[in-house]
1. For region 1-136, calculate the relative contact order in percent as a whole number, restricting contacts to Cα pairs under 8 Å that are 6 or more residues apart.
2. With axes computed from alpha carbons, what is the tilt in degrees of helix 209-225 against the longest principal axis of the chain, rounded to the nearest 10 within 0 to 90?
3. Quick one: 3J(HN,Hα) in Hz for region 164-175, Karplus 6.51/-1.76/1.60 with θ = phi - 60°, rounded, Gly and Pro as x.
4. Could you quote the convex hull projected area for the chain, Cα atoms only and averaged over all directions, in nm²?
5. Calculate, in nm to one decimal, what LYS209 and ALA241 gain on full extension: separation in residues at 0.36 nm each, minus their alpha carbon distance.
6. Less than 30 Å apart at the alpha-carbon level, and either on another chain or at least 8 residues along: which lysines does that give for LYS158?
7. What is the spin-label model distance, in nm, from ALA142 to LYS2 if the labels are put 7 Å beyond Cα along the C-beta direction?
8. Using a Förster distance of 30 Å, how high is the FRET efficiency between THR67 and LEU223, based on the Cβ-Cβ distance and rounded to 0.05?
Amino acid sequence: MKIGIIGTGAIGGTVAKKLVNAGHRVKVYSADGSKLKTRARELGASPSTLNDVVRDVEVVILSVPTTVIPSFPKDLFAGIAKDVIVVDTSNYYPFRDGDIPELQDGKVEGEWVAEQIGRPVTKAFNNLLAHTLEHGGNPQGAEGRIAMAISGDDEKAKATISGLINEVGFDVVDAGSLSDSWRHQPGTPAYCTELNTTELKDALDAGEKEKAAHIRDSAIAQLIERVTQPSHEEIVVFNRALFPTNPKTA
Ligand SMILES: NC(=O)c1ccc[n+]([C@@H]2O[C@H](COP(=O)([O-])OP(=O)(O)OC[C@H]3O[C@@H](n4cnc5c(N)ncnc54)[C@H](OP(=O)(O)O)[C@@H]3O)[C@@H](O)[C@H]2O)c1
């Protein structure tokens, strides 16, 4: 497929590299034009402009901090066919993204993103850490294969993106419509806990929307307070332990 990715950081860069390795034609755009050519070469992708990265592609992946999304030109997707799928990987963290009143009032992040860009989105690649995405993939059918959540209102788009997720090494669990995508936002049992399909389904069901923002902020505060930087494995164990009912809580 032809795929455009905005953001070449921990998630956008990893997704780009994996999709290139899976045989897709990927072009990328990121904020710092001085690094873009080198970064694109590292990823096996082509460097692009913001205007061109969304054109002549079948899928666009937005992988930037939430706070950046409203700064995209309002006509970025003007003239782009309706069947071009837009995927949002973002997670809102007030400590990083600042105050976004609608999100602080509980608006579902994916719905907010769709409004900002004036176009429906499929929410995916947001509930696994970049390290998991890079190193935790396995071939289809592997025992205990880690699953990724997906949400959205377009079943065909979800099927296409689920196929890409499978190609890069993960099972997929459909969490429902975009309005259900809070179930894999930060502060939920499904968020960055490295679960298999059965476990992820249970975790998505167990989420509590009204508690998620508090859990998210308290988790970040605890991680920031740590004297030494936690390892990836320690972060996953920590995330699981936020929810005593998590099947993988020690
Ligand atoms: N890290 C994770 O484990 C993880 C997991 C799941 C989801 N997410 C979410 O995915 C999103 C991306 O996360 P990340 O960890 O990949 O972030 P990151 O490593 O900080 O990378 C952010 C990327 O966004 C680009 N960017 C910033 N401002 C931009 C602009 N105005 N226009 C175009 N590109 C811009 C940056 O470009 P330059 O490189 O040129 O500065 C960089 O490539 C976030 O919303 C995050 O919450 C992260």
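The values are calculated or read from the model by the stated rules, or taken from the named source; none is laboratory data. Every value quoted in this text rests on a predicted model; they were computed, and no experiment measured them. Using ideal geometry, Cβ is built from the backbone for each residue, glycine included, and neighbour counts are taken over all protein chains shown. Side chains are part of the model used for accessible areas, which takes the heavy atoms of the whole protein and leaves out ligands, DNA and RNA. Shrake-Rupley method; radii C 1.70, N 1.55, O 1.52, S 1.80 Å.
1. Value for region 1-136: 24 percent.
2. Between the helix axis and the principal axis of the chain, the angle is about 90 degrees.
3. 5, 4, 4, 4, 8, x, 9, 6, 10, 10, 7, 8
4. Averaged projected hull area, Cα only: 12.9 nm².
5. 9.7 nm
6. By straight Cα distance, LYS158 reaches LYS2, LYS17, LYS18, LYS27, LYS74, LYS82, LYS107, LYS123, LYS201, LYS209, LYS211, LYS248.
7. So the label points at ALA142 and LYS2 sit 3.2 nm apart.
8. 0.90
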